1. Specify the inter-centroid distance of segment 191-226 and segment 252-284, based on alpha-carbon positions, in whole Å.
2. Using a 1.4 Å probe over the heavy atoms of the protein chains, calculate the carbon and sulfur portion of the accessible area of the chain as a whole percent.
3. To the nearest 0.05, how large is the calculated FRET efficiency for N280 and E59 if R₀ is 35 Å and r is the Cβ-Cβ distance?
4. How high is the relative contact order of segment 82-216, in percent, with contacts defined as C-alpha pairs under 8 Å that are six or more residues apart?
5. How many percent of DSSP beta bridges within the chain run antiparallel, rounded to 5?
6. Run the quick spin-label model on D296 and A255: label points 7 Å from Cα toward the beta carbon, then report their separation in nm to one decimal.
7. Measure out, as a whole number of angstrom, how far apart the alpha-carbon centroids of segment 1-40 and segment 84-105 sit.
8. Using helices alone, I'd like the mean residue ellipticity at 222 nm for the chain: each DSSP H run of four-plus residues gives -39500 (n - 2.57), total over residue count, nearest 500.
Amino acid sequence: MAHKILITGASGLIGQKLTDELIKLRHSVVHFSRTLQQGKVKTFVWNIFSGEVDPTALEGVDTIIHLAGAGIADKRWTPSRKKEILESRTRSTQLLFETLKNNSNQVRSFISASAIGYYGFNEEKIFVETDGPGNDFLACVTQRWEAEADKINELGIRVVKIRIGIVLSKRGGALAKMAKPINYFVGSPLGTGKQMMSWIHLDDLCSIFSKAVDDAKIYGAYNAIAGWNTNAEVINALAKILNKPIWLPNVPAFALKMILGKMSEMVLNGSRVSSEKIKNTGFHFKFSKLEEALADLFN
Ligand SMILES: NC(=O)c1ccc[n+]([C@@H]2O[C@H](COP(=O)([O-])OP(=O)(O)OC[C@H]3O[C@@H](n4cnc5c(N)ncnc54)[C@H](OP(=O)(O)O)[C@@H]3O)[C@@H](O)[C@H]2O)c1
């Protein structure tokens, strides 16, 4: 069945690809963005801090996919940046709640991005969706973001929260950041290199969002990861596919702490997350082996 889908933050890494995929599947798509975008779909401008929003954007929309949020790894975590990371997610979700509550609409499904950062860092166990949240900064942000999304359920709208792992894409995100030094012959594992990275190919992530649009039996939280590998395994596999040597020693943790500040905890620690719940809905990953995912992206 064709849906009319409103996507927030659609100009980003996931939103651009997801828009293309949903259009290919014959859905109709509109965007909410902070700036007017000229593109293949109609964009409505919103301002989450002034509360400016055009309710006509909701006309005919039955599904909202909420991706908007300030980039977690784009800038150092100063107090004002941390505030922006949190509020760009919580206030945008609150604005969507108010807009849905105060305007007639046909929205039946609200699918929000979330992150495996919800669980915090712990490599002893494999996290499942019923596990509680961690207590570091990203875990607190994710928890509050999900709590705002859950309120939309009070409006009789199905709420799905996709807890996304590290997205593998050539065009941006963590992989592009890791590939850059490798391409300049100065790549090497970070810290001990043993920290676990739970990852997903961007194509598989888009397929999970698409399944969540179509399948009304899907609700609540779902982990979106295909597999996990150590940081050293990812760096070495990436170097192999890029045909570049890794000859430098690991970047020491203290150097990363100096360069990245508090944000270094994100690259020096990891977690392993289960994908059994989404698989039990009948979802099949196209890429469940790191080497195959990288070969698809770089060959
Ligand atoms: N990529 C990953 O590995 C990953 C992993 C886990 C979770 N996620 C989550 O998935 C969502 C989408 O990820 P992505 O990689 O596509 O992110 P992205 O490339 O950074 O795009 C996010 C979009 O959010 C909007 N945005 C940025 N700053 C904002 C602000 N201060 N206030 C309101 N909106 C703002 C922008 O859209 P406009 O300029 O059009 O408004 C931007 O294009 C994010 O919330 C992210 O946290 C991503």
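The values are calculated or read from the model by the stated rules, or taken from the named source; none is laboratory data. Everything quoted here is computed from the prediction, not taken from an experiment. We place every Cβ from the backbone using ideal geometry, glycine too, and count neighbours over all the protein chains shown. The protein model used for the area step is the full one, side chains on, heavy atoms only, and it has no ligands, DNA or RNA in it. Shrake-Rupley method; radii C 1.70, N 1.55, O 1.52, S 1.80 Å.
1. Centre-to-centre distance over Cα atoms comes out at 13 Å.
2. Values: 7560 of 14200 Å².
Reported share for carbon and sulfur atoms: 53 percent.
3. Numbers: r = 36 Å, r/R0 = 1.02.
FRET efficiency, N280 to E59: 0.45.
4. Working: 137 pairs, mean separation 34.9, N = 135.
Once normalised by length, the contact order is 26 percent.
5. On the way: 5 of 41 bridges.
In the chain, DSSP labels about 10 percent of beta bridges as antiparallel.
6. Rounded to a tenth, the inter-label distance reads 3.4 nm.
7. 18 Å
8. On the way: 10 runs with 112 residues, N = 299.
The helix-only estimate for the chain comes to -11500 deg cm²/dmol at 222 nm.
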